[in-house]
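Visitor: To start, I am sharing the structure in question, which I have written as structure tokens.
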Amino acid sequence: MMKRGVSSIMKEIEQKLQGKIARLTNKTFKFDERIKDGWFSAVYFLKTREIVEKKLPDNIVTMQFFQKSHDAVLCGTDEVIALLHTFAENPEELEIHSLKDGDKIKPFETVLTITGPYQNFGYLEGIIDGILARRTSVATNVYNVVKAASSGGKQKPVIFMGDRDDHYTQQAGDGYAAYIGGSTAQATHAMNEWWGKEGMGTMPHALIQMFRGDIVAATKAYHDIFPDDDLMALVDYNNDVITDSLKVAREFGEKLKSVRLDTSNTLVDKYFLRNHHLMGTFDPRGVNPELIFALREALDQEGFSFVDIVVSGGFDEKRIEYFESRNVPVDMYGVGRSLLKINIGFTGDNVLLNGTHSAKEGRKYRPNPRLEKVEYVPND
């Protein structure tokens, strides 16, 4: 079932990438049908719709959407347009102009306008704001982290590991936003659902625990069951990453692709406890530059220069920039929680009434020549 689902989504995303369709549709997004009933709309929008239907049914409004505070990577426009085409009344009569997913936007730049009878689409305003806010926040967060991971002069991959930091129902949308932001390595199949690839991953601490902390036995079991995977060993379970990295490297040789460190920020690795003379000028807790330098040196000295180093655990844009500024020999970053912060909010405003300016104080119609007219595509 899962593979059939991935295949069908691949077909639509491939059609878009090949230029056969302009935007993804509800075939990808699979909206909750209760949207039509107003279940997810603020009650005051539902009441406004009823009042307008009875008192002002012939007016045409233009609703305009923007965000105020960030240079950002826009995401969610395909989803919003599919929402309108699925749940608005007479969606073929709406005039929609929009930017595209992945467009770079400025504060106060208009990203979307909708023109039509208010009662046909106005109740969707809050849902549209929410879609654009979450998708754009995640896409922008990922973009900034991916950019930080290239600041040392080489683009290093970023694994999107946000599965444990939010509700599981958000994974498909967050994964698509992460893809728009530049991360194509993601932790779950669900994160890949909308854009068409499968999740990736190797071993958690739970697997090593089942082997009573024996990293070599756990890695061997993994390799026996998944012999075609790139072999990545998680080496911080015993809080002795250099010792355990060398153990698996000696055992597997060139079969070992990488080692991953996920040391808690409350722990000091045993390497430093054995080498007190090294401490005193830096914070030795967690995954820190000095530990990575020492690990790289230890691997290289034994001929394992081909083994990559992957780090995770509390990484964000600033921390990655710091590692890159020091040329810390990291080959890949795993990032989760910081990528899911919703820090970009969108606003929808009615700014034109029957073609003339009519907006609350401080708002006005802001034409944007970058907007493209959206053609109506009926749901099959």
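Visitor: Applying the selection to the stretch 293-323, what residues are out of contact with any Leu (no Cβ under 9 Å at 6 or more places or on another chain), in a helix (DSSP H, G or I) and either of a type in the set (K, R) or under 18 Å from V248 (Cα atoms) (or both)?
Guide: R296, E297, D300, Q301, K318, R319
Visitor: Moving on to the next point. Of the conditions (1) in a loop (DSSP other than H, G, I, E, B); (2) over 30 Å from K364 (Cβ atoms), G102 fails just one. Which one is it?
Guide: Checking G102 against (1) in a loop (DSSP other than H, G, I, E, B); (2) over 30 Å from K364 (Cβ atoms), the one that fails is (2).
Visitor: Out of curiosity, is G336 touching a Gly at 6+ places or on another chain (Cβ under 6 Å), on the phi < 0 side of the Ramachandran plot and not acidic (D, E)?
Guide: Details: touching a Gly at 6+ places or on another chain (Cβ under 6 Å): yes; on the phi < 0 side of the Ramachandran plot: yes; not acidic (D, E): yes.
Yes; evaluated as a whole, the condition is true for this residue.
Visitor: For the stretch 336-380, what are the residues that are farther than 30 Å from T25 by Cβ and of a type in the set (A, V, I, L, M)?
Guide: Hits for the stretch 336-380 are L353, A359.
Visitor: Which of the numbered conditions does E290 fail, given that it passes all the others? Conditions: (1) surrounded by 13 or more Cβ atoms within 10 Å (Cβ to Cβ); (2) under 24 Å from the mean Cα position of the chain (by Cα); (3) in a helix (DSSP H, G or I).
Guide: (2)
Visitor: Of the residues T281, T266, which single one is in contact with a Lys or Arg (Cβ under 8 Å, 6 or more places away or on another chain) and either hydrophobic (A, V, I, L, M, F, W, C) or more than 15 Å from I242 (Cα to Cα) (or both)? I'd like the intermediate steps shown before the answer.
Guide: Details: T281 fails: in contact with a Lys or Arg (Cβ under 8 Å, 6 or more places away or on another chain).
From the options T281, T266, the qualifying one is T266.
Visitor: Quick one: would you say D58 is charged (D, E, K, R), out of contact with any helix residue (DSSP H, G or I) (no Cβ under 7 Å at 6 or more places or on another chain) and assigned to a loop (DSSP other than H, G, I, E, B)? Please lay out each step first, then the result.
Guide: Details: charged (D, E, K, R): yes; out of contact with any helix residue (DSSP H, G or I) (no Cβ under 7 Å at 6 or more places or on another chain): yes; assigned to a loop (DSSP other than H, G, I, E, B): yes.
Yes.
Visitor: What's the number of the only condition in (1) more than 17 Å from V307 (Cα to Cα); (2) within 23 Å of the chain's Cα centre (by Cα) that T266 fails to meet?
Guide: Evaluating T266 over (1) more than 17 Å from V307 (Cα to Cα); (2) within 23 Å of the chain's Cα centre (by Cα) leaves (2) as the failure.
Visitor: Looking at (1) closer than 24 Å to K341 by Cβ; (2) outside any helix (DSSP H, G or I); (3) free of Cβ contacts under 8 Å to residues at least 24 places away in the same chain, which is the only condition K154 fails?
Guide: (1)
Visitor: So how many residues does the stretch 195-210 have that are assigned to a loop (DSSP other than H, G, I, E, B), surrounded by fewer than 16 Cβ atoms within 10 Å (Cβ to Cβ) and in contact with a helix residue (DSSP H, G or I) (Cβ under 9 Å, 6 or more places away or on another chain)? Write out each step before concluding.
Guide: As a first pass, look at the stretch 195-210 and keep what is assigned to a loop (DSSP other than H, G, I, E, B): 195-204.
Among the residues that remain, those that are also surrounded by fewer than 16 Cβ atoms within 10 Å (Cβ to Cβ) are: 198, 201, 204.
Those left that are additionally in contact with a helix residue (DSSP H, G or I) (Cβ under 9 Å, 6 or more places away or on another chain): 198.
Summing the residues that are assigned to a loop (DSSP other than H, G, I, E, B), surrounded by fewer than 16 Cβ atoms within 10 Å (Cβ to Cβ) and in contact with a helix residue (DSSP H, G or I) (Cβ under 9 Å, 6 or more places away or on another chain) in the stretch 195-210 gives 1.
Visitor: Okay, next question. Would you mention how many residues in the stretch 343-380 are over 18 Å from L99 (Cα atoms) and acidic (D, E)?
Guide: 2
Visitor: Taking the stretch 324-344 only, how many residues are assigned to a loop (DSSP other than H, G, I, E, B), surrounded by fewer than 19 Cβ atoms within 10 Å (Cβ to Cβ), in contact with a Ser or Thr (Cβ under 8 Å, 6 or more places away or on another chain) and not β-branched (V, I, T)?
Guide: Filtering the stretch 324-344 down to residues assigned to a loop (DSSP other than H, G, I, E, B) leaves 326-331, 336, 341-344.
Filter once more, so that each one left must be surrounded by fewer than 19 Cβ atoms within 10 Å (Cβ to Cβ): 326-327, 329, 331, 341-343.
Adding the requirement that they be in contact with a Ser or Thr (Cβ under 8 Å, 6 or more places away or on another chain) leaves 331, 341-343.
Still in the running and not β-branched (V, I, T): 331, 341, 343.
Residues flagged as assigned to a loop (DSSP other than H, G, I, E, B), surrounded by fewer than 19 Cβ atoms within 10 Å (Cβ to Cβ), in contact with a Ser or Thr (Cβ under 8 Å, 6 or more places away or on another chain) and not β-branched (V, I, T) within the stretch 324-344 amount to 3.
Visitor: A88: small (G, A, S) and touching a Lys or Arg at 6+ places or on another chain (Cβ under 8 Å), yes or no? Outline the logic, then answer.
Guide: Values: small (G, A, S): yes; touching a Lys or Arg at 6+ places or on another chain (Cβ under 8 Å): no.
So A88 fails the test.
Visitor: Quick one: what pairs do we get from the stretch 131-142, first residue under 11 Å from F160 (Cβ atoms), second among the acidic types (D, E), C-beta under 7 Å, 6+ apart or different chains?
Guide: From residues that are under 11 Å from F160 (Cβ atoms), the pairs are V138/D174.
Visitor: For the stretch 124-135, indicate whether the set of residues that are outside the structural domain of E317 (by TED's automatic domain parsing), in a loop (DSSP other than H, G, I, E, B) and at negative phi is non-empty. It would help to see each step written out before you state the result.
Guide: Initial filter on the stretch 124-135 (outside the structural domain of E317 (by TED's automatic domain parsing)): 124-135.
Now narrow it down to the ones that are in a loop (DSSP other than H, G, I, E, B): none.
Looking through the stretch 124-135, none of the residues is outside the structural domain of E317 (by TED's automatic domain parsing), in a loop (DSSP other than H, G, I, E, B) and at negative phi.
Visitor: Of the residues E302, E321, E254, E297, which is surrounded by fewer than 19 Cβ atoms within 10 Å (Cβ to Cβ), acidic (D, E), free of Cβ contacts under 8 Å to residues at least 12 places away in the same chain and outside the structural domain of A133 (by TED's automatic domain parsing)?
Guide: Numbers: E302 fails: free of Cβ contacts under 8 Å to residues at least 12 places away in the same chain; E321 fails: free of Cβ contacts under 8 Å to residues at least 12 places away in the same chain; E254 fails: free of Cβ contacts under 8 Å to residues at least 12 places away in the same chain.
Result: E297 is the single residue among E302, E321, E254, E297 that is surrounded by fewer than 19 Cβ atoms within 10 Å (Cβ to Cβ), acidic (D, E), free of Cβ contacts under 8 Å to residues at least 12 places away in the same chain and outside the structural domain of A133 (by TED's automatic domain parsing).
The values are calculated or read from the model by the stated rules, or taken from the named source; none is laboratory data. Please read all numbers here as calculations on a predicted model, not as lab measurements. FYI the Cβ positions are ideal-geometry reconstructions off the backbone, even for glycines, and counts take in every protein chain you see.
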